[in-house]
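Enquirer: The structure is given below, and queries will be raised subsequently.
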Amino acid sequence: QVQLVESGGGMVQAGGSLNLSCAVAGRTVFSYAMGWFRQAPGKEREFVAVMSQSGGSTSYAESVKGRFLLSRDNARNRVSLQMNSLKPADTAVYYCAAGLSIGSVTSSQPSYWGQGTQVTVSE
């Protein structure tokens, strides 16, 4: 059984940075396309970023492009989402996802979800 465990959420002022981490237990991280989603209060869960199994392809939502960076640490079996220039609109619960393909992740049909970590950005 694969488990995804997120960490690194918290509260930060607008313009600040946070680094979210997703540890993969049960399989190696490069077995899956790895991604992040977020869900703000009263809104649907939305795609944030995804990386292919090989790590050679990444994709970002327009709203975070140029501010967020998705990376993978094979030795530590985890992925990280570096979030810079944070805005109040980035406030949400962030979820890690693992899928058998980039398409499975971007279509919100990954094989596994993490439990989520709260990110709050104040004015």
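The values are calculated or read from the model by the stated rules, or taken from the named source; none is laboratory data. Everything quoted here is computed from the prediction, not taken from an experiment. Cβ: placed from backbone, ideal geometry, glycine included. Neighbour counts: every protein chain shown. To get the accessible areas, we keep the full protein, side chains included, count just its heavy atoms, and leave off ligands, DNA and RNA. Shrake-Rupley method; radii C 1.70, N 1.55, O 1.52, S 1.80 Å.
Enquirer: Say we look at the stretch 74-84 and pick out the residues that are at pLDDT 95 or above and open to solvent by 20 Å² or more (accessible area, probe 1.4 Å); which of these is farthest from Gly35 (Cα to Cα)? Lay out the reasoning, then the answer.
Expert: Going through the stretch 74-84, the residues at pLDDT 95 or above turn out to be 78-84.
From what's left, open to solvent by 20 Å² or more (accessible area, probe 1.4 Å): 78, 80, 82, 84.
Numbers: Arg78: 11, Ser80: 10, Gln82: 13, Asn84: 17 Å.
Result: Asn84.
Enquirer: So, one more: Give Arg67, Arg76, Arg38 a once-over and let me know the one that is out of contact with any Asp or Glu (no Cβ under 8 Å at 6 or more places or on another chain), of a type in the set (D, E, K, R) and under 22 Å from Gln3 (Cβ atoms). Steps first, answer last, please.
Expert: On the way: Arg67 fails: under 22 Å from Gln3 (Cβ atoms); Arg38 fails: out of contact with any Asp or Glu (no Cβ under 8 Å at 6 or more places or on another chain).
Checking each option against the conditions leaves just Arg76.
Enquirer: If Lys87 satisfies all but one of (1) surrounded by 13 or more Cβ atoms within 10 Å (Cβ to Cβ); (2) without any contact (Cβ under 8 Å) to a residue 60 or more places away in the chain; (3) not β-branched (Val, Ile, Thr), what's the number of the condition it fails?
Expert: Of the numbered conditions (1) surrounded by 13 or more Cβ atoms within 10 Å (Cβ to Cβ); (2) without any contact (Cβ under 8 Å) to a residue 60 or more places away in the chain; (3) not β-branched (Val, Ile, Thr), the odd one out for Lys87 is (2).
Enquirer: Here is a follow-up. Taking the stretch 40-69 only, how many residues are at pLDDT 95 or above and in contact with a Phe, Trp or Tyr (Cβ under 7 Å, 6 or more places away or on another chain)?
Expert: Of the residues in that region, 8 qualify.
Enquirer: Now a separate question. Suppose we filter the stretch 90-109 for residues that are open to solvent by less than 20 Å² (accessible area, probe 1.4 Å) and out of contact with any Pro (no Cβ under 7 Å at 6 or more places or on another chain); how many remain?
Expert: We begin by selecting, within the stretch 90-109, every residue open to solvent by less than 20 Å² (accessible area, probe 1.4 Å); these are 90, 92, 94, 96-99, 105.
Those still in the list that are out of contact with any Pro (no Cβ under 7 Å at 6 or more places or on another chain) too: 90, 92, 94, 96, 105.
Within the stretch 90-109, residues that are open to solvent by less than 20 Å² (accessible area, probe 1.4 Å) and out of contact with any Pro (no Cβ under 7 Å at 6 or more places or on another chain) number 5.
Enquirer: Within the stretch 11-59, work out how many residues are surrounded by 13 or more Cβ atoms within 10 Å (Cβ to Cβ) and under 18 Å from Lys87 (Cα atoms).
Expert: As a first pass, look at the stretch 11-59 and keep what is surrounded by 13 or more Cβ atoms within 10 Å (Cβ to Cβ): 12, 14, 16, 18-24, 27, 29-40, 45-53, 55, 58-59.
Those still in the list that are under 18 Å from Lys87 (Cα atoms) too: 12, 14, 16, 18-20, 36-40, 45-49.
Number of matching residues: 16.
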